[in-house]
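Please read the structure below before turning to the comments.
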Amino acid sequence: KWLEGLSRLERCGLSFDLRVPFWHLAEAAKVAAQFPAIPMVLNHTGFPWDRSAEGLRAWRAAMENIARQPNMHLKISEFGLRDQAWDYVSNRAIVRDALAIFGVERCMFATNFPVAGLRISYDALVRAVARMVSDLPAADRDALFWRNAARFYRIDVEA
């Protein structure tokens, strides 16, 4: 029934936002492959909750797998870890790996506020991510921060 419902999105020309942790991305990649005409976006950077070396290897492998689906995009968001302070260095590594895996052209910045506010203010989050990508060309930063989202969600925005 669920996949039948998903097929309706395709008939209506709609997109799908996917919120699953990285250990379910193999199944999600199979769903994306079944519906190549549906633009899909993975929320919250695939939830890289396990920041151990082994956990990050598993996250990267899962992200590389799902990124093989050309209809899959990524929201760079929600880096907070339970019972831990927001860590710029660790989160920057996640952002840079995610951008390398998906390419800037399939990534969009998001915040997950108000939940993210448990660890960082909105202003501090935006500034931190801007700093993480400050070395990218201006066109790539614009794509990440608004153009890709406008294109994905078909929002007509004048620059």
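The residues of region 20-39 that are buried (at least 23 other Cβ atoms within 10 Å of the Cβ) and either among the aromatic types (F, W, Y) or within 11 Å of the chain's Cα centre (by Cα) (or both) amount to a single one, F22.
Quickly run through region 116-153 and pick out the residues that are touching a residue at least 60 places away in the same chain (Cβ under 8 Å) and part of a loop (DSSP other than H, G, I, E, B). Selection gives Y153 alone. Scanning region 6-42 for residues that are touching an Asp or Glu at 6+ places or on another chain (Cβ under 7 Å) and aromatic (F, W, Y) returns a single hit, F35. State whether one or more residues within region 50-60 are on the phi < 0 side of the Ramachandran plot, touching a strand residue (DSSP E or B) at 6+ places or on another chain (Cβ under 8 Å) and free of Cβ contacts under 8 Å to residues at least 40 places away in the same chain. No, there is no match, as no residue in region 50-60 is on the phi < 0 side of the Ramachandran plot, touching a strand residue (DSSP E or B) at 6+ places or on another chain (Cβ under 8 Å) and free of Cβ contacts under 8 Å to residues at least 40 places away in the same chain. Somewhere in region 66-80, is a residue more than 26 Å from A33 (Cα to Cα), crowded, with 17+ Cβ neighbours inside 10 Å and modelled with pLDDT under 95? Yes, region 66-80 contains a residue that is more than 26 Å from A33 (Cα to Cα), crowded, with 17+ Cβ neighbours inside 10 Å and modelled with pLDDT under 95. The requirement of being within 21 Å of W146 (Cβ to Cβ) and modelled with pLDDT under 95 is not satisfied by E105.
This table checks each residue for (1) exposed (fewer than 15 other Cβ atoms within 10 Å of the Cβ); (2) within 15 Å of the chain's Cα centre (by Cα); (3) not acidic (D, E).
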| position | (1), (2), (3) |
| --- | --- |
| Q84 | yes, no, yes |
| D97 | no, yes, no |
| P114 | yes, no, yes |
| G117 | yes, no, yes |
| D123 | yes, no, no |
| A128 | no, no, yes |
| L144 | no, yes, yes |
| D156 | yes, no, no |
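Scanning region 99-112 for residues that are of a type in the set (G, A, S) and either crowded, with 17+ Cβ neighbours inside 10 Å or in a helix (DSSP H, G or I) (or both) gives A100, A110. Pairs linking a residue in region 1-27 that is over 15 Å from G46 (Cβ atoms) and without any contact (Cβ under 8 Å) to a residue 60 or more places away in the chain to a residue that is surrounded by 14 or more Cβ atoms within 10 Å (Cβ to Cβ) and polar (S, T, N, Q), with Cβ atoms under 8 Å and 6 or more positions apart or on different chains, are L9/S15. If you check V89 against the conditions, is it β-branched (V, I, T) and either part of a loop (DSSP other than H, G, I, E, B) or open to solvent by less than 70 Å² (accessible area, probe 1.4 Å) (or both)? Criteria not met by V89.
In the set (1) touching a helix residue (DSSP H, G or I) at 6+ places or on another chain (Cβ under 7 Å); (2) open to solvent by less than 80 Å² (accessible area, probe 1.4 Å); (3) under 30 Å from L9 (Cα atoms), F152 fails one condition alone, (1).
The values are calculated or read from the model by the stated rules, or taken from the named source; none is laboratory data. This one's a predicted model, so the numbers in the text were calculated from it and none came from an experiment. Cβ: placed from backbone, ideal geometry, glycine included. Neighbour counts: every protein chain shown. All accessible areas refer to the heavy atoms of the entire protein, side chains included, with ligands and DNA or RNA removed. Shrake-Rupley method; radii C 1.70, N 1.55, O 1.52, S 1.80 Å.
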